[in-house]
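> Mind looking over this structure? Questions follow.
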Amino acid sequence: MSKIISAKVIICSPGRNFVTLKIETESGHYGIGDATLNGRELAVAAYLEEHVLPCLVGRDAQKIEDVWNYLYKGAYWRRGPVTMTAIAAVDVALWDIKGKLANLPLYQLLGGASRDGVMVYAHANHKTVAGTVANALDLKNKGFKAIRLQTGVPGLASNYGVSKHKDFYEPADGDLPVENAWSTEKYMQSVEQLFVEARRSLGWDVHLLHDVHHRLSPIEAARLGKDLEPYRLFWMEDASPAENQKNFQLIRQHTTTPLAVGEVFNSLWDCKTLIEEQLIDYIRATIVHAGGLSHLRKLACFAEIHNVKTGFHGATDLSPITMAAALHFDLSVANFGIQEYMRHSDETYAVFNRHYTINEGYMLPGEAPGLGVDIDESLAAKYPYKRAYLPVNRLEDGTLFHW
Ligand code: CS2
Ligand code: MG
């Protein structure tokens, strides 16, 4: 009754590109999964259509763990963002089906609610410190308990996280990669002032976060962490590139500013050292890019015994499907830390009908069976895919750098 009879990939661009997997069973139930990988969307779509979907038809949709291992071990070529995003889409779609078959919201299948609501962080940004702080004050007055602050760097034309639109931050803004210029020196000279002004205006009863976006060396990150200690950040994110997980040993030795990392990770293996040596405080690996709910459950359990909390990535390039899956997970998991929340565009919300809600800085996934999100396929068809790349970064001397 839960045999998979069909599966298809839906690519659309309501405000930005999304890739969605839809799996249908002989009982007439269907589940959906997010397969969006910003700037490499069609790679995941092809991986699913050419290599995964033919193997799904005829399988029991209820055998989630078996299907996960079939797709992970059966590929031979393990891990990587494309593979793990494709596996995640299948995994989440099957969990959605299981919730619908059980007639229960997903969090009930994950162990039930462990808290009354999911604390999220919003985003304040502007090219000036004053503008960023003003936007943050507006968000605090709207009830947000946690706010990420990103601002421009004097002398640089652009900076990560500073949006052209007040409500949305969409970094994939070119049909070929836009080239940005970066100066660590100029950034390090100016960023502390953002938090001096923020604490002066916002006070101390709001969590402040900051995303360094992989741009500092370990010793520079250690310096920044020390510089920011007086402002009591909730976390300093992606302080340094983490392929070499040992980078964080040096940072950890020098600063008590909490560290978050991992939105670009796609499996537990990308963060095993970071977690077991307690080099970080929050793990940001997401359901859409790290193998789905089934893998994140294992990763979160491993993190729990090492005092590491979850802090899932939740940017607009993760669809409302991932937001819903994350909220179900966040509501239930014991070592929940915080959830990133960037509102999607009105077009996105029109295509992805959602049950989740937000109120006074807390979110709930809703009580609909499964994920509580659906996709309007006919409306999605009105928003065709448009190739879009994330920017690249160069130092002022032209050296290609981290974006
Ligand atoms: C960022 C993202 O939300 C975050 O913390 O790092 O904006 C990230 O740059 C994008 O998701 C990349 O597609
Ligand atoms: Mg980030």
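The values are calculated or read from the model by the stated rules, or taken from the named source; none is laboratory data. This structure is a prediction, so every number in the text was calculated from the model and none was measured. Every residue, glycine among them, receives a Cβ derived from its backbone with ideal geometry; neighbour counts consider all protein chains shown. When the accessible area is computed, the model is the full protein with side chains, heavy atoms only, and any ligands, DNA or RNA have been set aside. Shrake-Rupley method; radii C 1.70, N 1.55, O 1.52, S 1.80 Å.
> Residue by residue through the stretch 105-126, note down the ones that are in a loop (DSSP other than H, G, I, E, B) and either surrounded by 17 or more Cβ atoms within 10 Å (Cβ to Cβ) or at pLDDT below 95 (or both).
Correct list: LEU110, GLY117.
> A follow-up question, please. Those residues that are surrounded by 23 or more Cβ atoms within 10 Å (Cβ to Cβ) and more than 16 Å from ligand 2 (Cβ to nearest atom), I need them from the stretch 319-343; list them, please.
Listed by number, the residues that qualify are SER319, PRO320, ILE321, ALA324, ALA325, LEU327, HIS328, PHE329, ASP330, LEU331, VAL333.
> May I ask you to verify whether VAL212 is open to solvent by 50 Å² or more (accessible area, probe 1.4 Å) and either within 16 Å of ligand 1 (Cβ to nearest atom) or not assigned by TED's automatic domain parsing to the domain that holds LEU318 (or both)?
On the way: open to solvent by 50 Å² or more (accessible area, probe 1.4 Å): no; either within 16 Å of ligand 1 (Cβ to nearest atom) or not assigned by TED's automatic domain parsing to the domain that holds LEU318 (or both): yes.
It is false that VAL212 is open to solvent by 50 Å² or more (accessible area, probe 1.4 Å) and either within 16 Å of ligand 1 (Cβ to nearest atom) or not assigned by TED's automatic domain parsing to the domain that holds LEU318 (or both).
> Please verify whether the stretch 288-300 includes one or more residues that are in a loop (DSSP other than H, G, I, E, B) and either assigned by TED's automatic domain parsing to the domain that holds ALA93 or under 30 Å from ARG199 (Cβ atoms) (or both).
no
> Between a first residue in the stretch 163-175 that is under 17 Å from TYR341 (Cβ atoms) and a second residue that is among the acidic types (Asp, Glu), which pairs have beta carbons less than 9 Å apart while being 6 or more apart in sequence or on different chains?
Within 9 Å, the pairs are SER163/GLU170; GLU170/ASP317; PRO171/ASP317.
> Report, ordered by the first and then the second residue, all pairs with beta carbons closer than 7 Å, sequence separation of six or more or different chains, a first member in the stretch 209-228 that is touching a residue at least 12 places away in the same chain (Cβ under 8 Å) and farther than 12 Å from LEU259 by Cα, and a second member that is among the basic types (Lys, Arg) and open to solvent by less than 10 Å² (accessible area, probe 1.4 Å).
none
> Could you please give the count of residues in the stretch 137-152 that are closer than 15 Å to GLY361 by Cα and within 16 Å of ligand 1 (Cβ to nearest atom)?
We begin by selecting, within the stretch 137-152, every residue closer than 15 Å to GLY361 by Cα; these are 137-148.
Then keep just the ones that are within 16 Å of ligand 1 (Cβ to nearest atom); that gives 139, 144, 146-148.
The total comes to 5.
> Now for a separate question. Please indicate, with yes or no, whether at least one residue in the stretch 220-234 is over 19 Å from MET188 (Cβ atoms) and surrounded by fewer than 21 Cβ atoms within 10 Å (Cβ to Cβ). Talk me through it step by step, then tell me what you get.
Quick first cut of the stretch 220-234, residues over 19 Å from MET188 (Cβ atoms) only: 232, 234.
Then drop every residue that is not surrounded by fewer than 21 Cβ atoms within 10 Å (Cβ to Cβ), which leaves 232.
Checking the stretch 220-234: at least one residue is over 19 Å from MET188 (Cβ atoms) and surrounded by fewer than 21 Cβ atoms within 10 Å (Cβ to Cβ).
> To continue, here is another question. For TYR356, only one of the following conditions fails: (1) under 21 Å from the mean Cα position of the chain (by Cα); (2) closer than 24 Å to ARG40 by Cβ. What is its number?
Checking TYR356 against (1) under 21 Å from the mean Cα position of the chain (by Cα); (2) closer than 24 Å to ARG40 by Cβ, the one that fails is (2).
> Also: Identify the residue in the stretch 127-152 that is basic (Lys, Arg) and part of a loop (DSSP other than H, G, I, E, B) and, among all such residues, is surrounded by the fewest Cβ atoms within 10 Å (Cβ to Cβ).
This residue is LYS142.
> Mind checking which residues of the stretch 356-403 are basic (Lys, Arg) and more than 16 Å from ligand 1 (Cβ to nearest atom)?
Within the stretch 356-403, LYS382, ARG394 meet the criteria.
> Restricting to the stretch 301-340, give me the number of residues that are within 11 Å of ligand 1 (Cβ to nearest atom) and either without any contact (Cβ under 8 Å) to a residue 60 or more places away in the chain or over 9 Å from the mean Cα position of the chain (by Cα) (or both).
Result for the stretch 301-340: 2.
> So, one more: Please find, within the stretch 382-394, the residue that is nearest to SER319 (Cα to Cα) out of those that are open to solvent by 20 Å² or more (accessible area, probe 1.4 Å) and either in a strand (DSSP E or B) or assigned by TED's automatic domain parsing to the domain that holds GLU179 (or both).
TYR389
> Does the stretch 369-381 contain any residue that is open to solvent by 10 Å² or more (accessible area, probe 1.4 Å), away from ligand 2 (no atom under 16 Å from the Cβ) and among the hydroxyl-bearing types (Ser, Thr, Tyr)?
Checking the stretch 369-381: at least one residue is open to solvent by 10 Å² or more (accessible area, probe 1.4 Å), away from ligand 2 (no atom under 16 Å from the Cβ) and among the hydroxyl-bearing types (Ser, Thr, Tyr).
> Restricting to the stretch 256-278, count the residues that are open to solvent by less than 10 Å² (accessible area, probe 1.4 Å), assigned to a loop (DSSP other than H, G, I, E, B) and on the phi < 0 side of the Ramachandran plot. So that I can check it myself, show each step before the final result.
Initial filter on the stretch 256-278 (open to solvent by less than 10 Å² (accessible area, probe 1.4 Å)): 257, 259-262, 267, 271, 274-275.
Now drop any that are not assigned to a loop (DSSP other than H, G, I, E, B), which leaves 257, 262, 267, 271.
If we keep only those that are on the phi < 0 side of the Ramachandran plot too, we end up with 257, 267, 271.
Qualifying residue count for the region: 3.
> Looking at the stretch 301-341, which of the residues that are assigned to a loop (DSSP other than H, G, I, E, B) and among the small types (Gly, Ala, Ser) is farthest from VAL19 (Cα to Cα)?
Among residues in the stretch 301-341 that are assigned to a loop (DSSP other than H, G, I, E, B) and among the small types (Gly, Ala, Ser), the one farthest from VAL19 (Cα to Cα) is ALA334.
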